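Student: Have a look at this one before I ask anything.
Computed from the coordinates by the stated procedures, all read-outs in this text should not be read as laboratory data. This one's a predicted model, so the numbers in the text were calculated from it and none came from an experiment. Cβ atoms come from the backbone with ideal geometry, glycine included; neighbour counts cover every protein chain shown.
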Amino acid sequence: MDPVASLLMLLMGTIAGLFGAVLGVGGGVIIIPCLVMFFGFSIKEAIALSIVSVVATSIAGASRYVDQRMTNVRLGMFLETATTAGAVSGALLTIKMPSSLLYLMMGLLLIYLSISQISTRRREEEKLRKDLFLGKEDEIARKLGLSNSYPDLAEGKEVKYTVVRTKSGLIASYLAGIISAMLGLGGGIIKVPIMNQLMNVPMKAAVATSKFMIGVTASTGALLYLAYGLVNGEAVAPVAVGVMIGATAGTYVMNRMKASFIKLTFGLLLLYFAYNMIMRGIYGS
C-alpha cells in the first residue's frame with residue numbers, strides 16, 4: 001500500500017478512535033464513510049475492515065473507563081449476551097445483502113442517531129443537575145444489582161442512577177448486535193441510546209459501558225468477515241493502530257466534557273456522513 005495512503009488511514013483511525021472513546025462507539029461511523037469516499041473501498045470491504053478495527057477501540061478504551069469507575073460492568077455483561085447473538089445473525093445477513101441497501105441503511109440509521117443526539121443534549125444536563133436519574137428500578141435490575149453510580153468531573157459530583165426497562169433493553173441489544181455486524185459498527189451508536197434513553201443510564205456511564213461491550217460484539221462479527229476473506233490485510237494495521245491512539249487519548253478527555261457538547265458535535269458529524277451514504281445508495285458509487 002502507498003505510504004501516503006497508510007498515513008492518511010492512520011490519521012483517520014486516530015480521529016475515529018478519539019470520537020469513539022468520547023461517545024462510546026467503535027468509530028465505524030467515521031471509518032466506513034471515509035474508506036468508501038476517500039479510499040475507494042466497497043461498502044462490504046469497509047464494513048469488514050471497520051469491524052476489525054473496532055476491537056482495537058474497545059481494548060484501548062475499556063480498561064481506562066473501568067479504572068475511572070465509569071463503567072457499569074454488570075449492566076454491560078447483562079446486555080452483551082443479547083448483543084453477541086445479534087452480531088452473529090447480522091454478519092451472516094450482510095454477506096448476502098446488496099451493497100446499495102447497506103448504503104441506504106447506514107444513511108438512515110445515521111440520520112436517526114443524529115436527531116436523537118442533538119434533540120436530547122439539554123435534557124441530559126438538566127437531569128444531572130436535578131438528580132433525575134434516580135428513580136424506581138425494575139425487578140430484574142434490582143435482583144441483578146444493575147443500578148450504579150460514577151464520578152462526573154465536569155459536574156463535580158457523584159452521579160447515582162437506577163436502571164429501568166431491562167427487558168426492553170435486552171431485546172433492543174439483540175437488534176443492536178444485528179445492526180452492528182451488518183453495518184460494520186461496534187454497536188455503540190445503538191447501545192448508548194438504548195442505555196441512555198431507554199434504560200435511564202446517564203450519557204457518560206452509557207459511553208463507558210458501551211466501550212466495555214463493543215469489543216465482544218465486534219469480535220463476533222470480525223471472525224466471520226475474516227473467514228469470508230473480506231478484510232484487507234494491508235489497510236487493517238494503520239487503521240487499527242490509529243484507532244488505538246485516538247481511543248487512548250479520548251478516555252482522558254471524555255469525563256471532563258459537557259454531555260451537551262459531546263452530543264451536538266457528534267450529531268452534526270453524523271448528518272454529514274448520512275447524506276453521503278444515502279446519495280451512494282441511490283446513485284451508486
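Student: Once both labels are modelled 7 Å past Cα along the beta-carbon direction, what's the Tyr112-Asp67 spacing in nm?
Tutor: 3.6 nm
Student: Select from Ile43, Val25, Ser63 the residue farthest towards the positive end of the dipole of the range 1-90; place +1 on Cβ of Lys and Arg, -1 on Cβ of Asp and Glu, and compute about the Cα centre.
Tutor: Ser63
Student: Once Lys and Arg get +1 and Asp and Glu get -1 on their Cβ, which of Ile214, Gly267, Met199 lies farthest toward the positive end of the dipole of the range 3-283?
Tutor: Among Ile214, Gly267, Met199, the one farthest towards the positive end of the dipole of the range 3-283 is Met199.
Student: Quick check: from the Cα gyration tensor, does the range 163-285 come out rounded (a/c under 1.5), prolate or oblate?
Tutor: rounded
Student: Turning to a different aspect of this structure: Once you place label points 7 Å from the Cα toward the Cβ at Lys258 and Tyr275, how far apart are they in nm?
Tutor: Simple spin-label model gives 2.6 nm for this pair.
Student: Now for a separate question. Which order results if Thr251, Thr265 are arranged by neighbouring Cβ count within 10 Å, fewest first? Can you show the working numbers first?
Tutor: Values: Thr251 25, Thr265 17.
With the sparsest Cβ surroundings first, the list reads Thr265, Thr251.
Student: Follow-up question, since we're still on this one. Compute the label zone of Ile282 within the range 96-111: residues whose backbone N is under 11 Å from the point 7 Å along Cα-to-Cβ.
Tutor: Under cut-off, by backbone N: nothing.
Student: Here is a further query. Across the range 3-283, how many lysine pairs, 8 or more apart or on two chains, come within less than 14 Å at their alpha-carbon atoms?
Tutor: The result is 16.
Student: May I pose another question? Which value in deg cm²/dmol, rounded to the nearest 500, describes the helix-derived mean residue ellipticity at 222 nm for the chain, given -39,500 (n - 2.57) per DSSP H run of n ≥ 4 and division by the residue count?
Tutor: -25000 deg cm²/dmol
Student: Take the alpha carbon gyration tensor of the chain, find the square roots of its eigenvalues, order them as a ≥ b ≥ c, and report rounded if a/c is under 1.5; if not, report prolate when a/b exceeds b/c, else oblate.
Tutor: In terms of gyration-tensor shape, prolate.
Student: Would you mind calculating the gained length between Ala154 and Leu134 on full extension (0.36 nm times residue separation, minus the Cα-Cα distance), in nm to one decimal?
Tutor: Once the chain is fully extended between Ala154 and Leu134, it gains 5.3 nm.
Student: Same structure again: Sort Ile278, Ile115 so that the residue with the fewest other Cβ atoms within 10 Å of its own Cβ comes first and the one with the most comes last.
Tutor: Ile115, Ile278
Student: How many angstrom separate the Cα center of the range 12-75 from the Cα center of the range 223-262?
Tutor: Using only Cα atoms to place each centre, the spacing works out to 3 Å.
Student: Counting other beta carbons within 10 Å of each Cβ, put Lys136, Lys263, Lys160 in order, fewest first. It would help to have the intermediate numbers written out before the result.
Tutor: Numbers: Lys136 8, Lys263 25, Lys160 13.
Fewest-to-most ranking of Lys136, Lys263, Lys160: Lys136, Lys160, Lys263.
Student: Expected output is a single nm value to one decimal: the length gained when fully extending between Asp2 and Leu144, i.e. 0.36 nm times separation in residues minus the C-alpha distance. What is it? The partial results should precede the final answer.
Tutor: Working: separation 142, 0.36 × 142 = 51.12 nm, distance 5.16 nm.
Additional length available on full extension: 46.0 nm.
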